[in-house]
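The values are calculated or read from the model by the stated rules, or taken from the named source; none is laboratory data. Computed from a prediction, not measured in an experiment: that's the story for all the values here. Quick reminder, even Gly has a Cβ in these numbers, built from the backbone with ideal geometry, and neighbours come from all protein chains shown. Surface areas here come from the heavy atoms of the whole protein model, side chains and all, with no ligands, DNA or RNA. Shrake-Rupley method; radii C 1.70, N 1.55, O 1.52, S 1.80 Å.
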Amino acid sequence: MTSPYAAAVAQGIWASGAELVGYVPSVGVAPVITALGRPDLVFPLSREEEAMGVIGALPLTGRFGAVVMQDNGFGNALTALTTFNVSYHLPLLIVANIRGGLGEYNSMIHSFSQHVPALLDRLGVRVFDLDRRSGPADWEDVVAEAGAHARMTFRPVVVLAQFWATDGKTA
Amino acid sequence: MRRIDALQVLVEGTADLPVVVTCAATSRELAAIADRPNHLYLLDSMGLAGSVATGVALGLAGSAIPRVVAIEGDGSLFMNPNVLATGGYLRPDKLLLVLLDNAVYGSTGDLPTYSARIDLGALAAAAGWSVRQAADPRTLRAEFAKALEPGGPAFLHVRIEPGNASGVPKLLEDPVVIGRRFRDWLASR
């Protein structure tokens, strides 16, 4: 059964106006990908930097897309994100599940992931946070509005989703 | 054939096609030959031309534009060879990647790439791209014309000599202007 939070993220992505969704696999991302459905519009990409290029290019054609990934992937994505999406003012919705926080079992992933919010802020990339303190309906609304915010500001926007303790487990 | 000679041939064949071009010397030389609104110069995104062109090709699926042309270098493609696997997997019908392969990092002191030992055309073929080759202007002109025929992804492997054209100015335009100009050109098609 799909987590209501994962389903909410998926519904929010479609409600954001995303026409194509690229994802970089993660155990946290998998329930969201399942909930998204539409394999004709949702596809894997090899690395996060490639996702910035492929999905990030859609606004050049008048379209809009979303990337689903995990937060430690920003280490791979930063140069592409800054030199392409940010520098060319291309709106993009990025939804990343948080690994660098409560509930994470992998000790070394914190070394990068705990710094992701500060890194993105330092780069001027707008971040919206989600965690167990709000319900699935709020998650859906925030993800959807983050897509509108990306288009309104002509910039990539990141939603960092902390699945820990939603439904009593890490997503 | 030097890079600028190959670019001259490509300029002749791409007046009505979107062109995504890799950074540094390749973008500068292309702009020096013809600075057109259908050119998307990637000013500093090494390795990303193929990915961006893949996204543009996906975005233009169903449009009247027949081809999206990426102009990439071997050093840049070796930085992101995932472009080949992703293109082979997603199979964007309009994507044509032209690889200008001089076996060196031409914008960074002509240090050697892997190209002397690894055939990027063979890698593309293994990933499912249809591959053509050229090493002189006449063959490039003919093979480029064939590569414009429907069906993708297509890969044109062009062997060129090392060496940058002299006297070519830096490309100092604001990327926002470059991107908007490219988008407006696409929207007008």
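A few notes on this one:
- Charge tally in the Cβ shell below 14 Å around B:Ile33, where Lys, Arg are +1 and Asp, Glu are -1, B:Ile33 excluded: 0
- Taking a ≥ b ≥ c as the square roots of the eigenvalues of the Cα gyration tensor, an a/c ratio of 1.5 or more together with a/b no larger than b/c marks region A:1-70 as oblate.
- Note on B:Glu173/A:Thr79: beta-carbon distance plugged into 1/(1 + (r/R0)^6) with R0 of 22 Å gives a FRET efficiency of 0.65.
- Here nothing in chain B passes the span test, since no DSSP H helix has an alpha carbon length of 30 Å or more along the helix axis and a Kyte-Doolittle mean of -1.0 or above.
- Tensor-based shape of region B:3-187 (alpha-carbon gyration tensor, a/c under 1.5 rounded, otherwise prolate or oblate): rounded
- Rounded accessible area per residue of region B:77-189, 1.4 Å, Å²: 52
- Peptides ranked, highest mean first, by Cβ atoms within 10 Å: ranges A:148-161, A:121-134, B:45-58: B:45-58, A:148-161, A:121-134
- Probing with 1.4 Å while keeping every protein chain in the model, the per residue accessible area of chain A equals 40 Å².
- Label-zone membership for region A:115-149, site A:His89, 7 angstrom Cα→C-beta point, backbone N under 20 Å: A:123-127, A:147-149
- Given R0 = 22 Å, the distance between the Cβ atoms of B:Trp185 and B:Ser63 translates into a calculated FRET efficiency of 0.95.
- FRET efficiency for B:Asp16 and A:Ala15, using Cβ-Cβ distance with R0 set to 30 Å, rounded to 0.05: 0.20
- The protection proxy used here, the mean number of other Cβ atoms lying within 10 Å of each residue, ranks peptides B:65-78, B:84-97, B:111-124 as follows, highest first: B:65-78, B:84-97, B:111-124.
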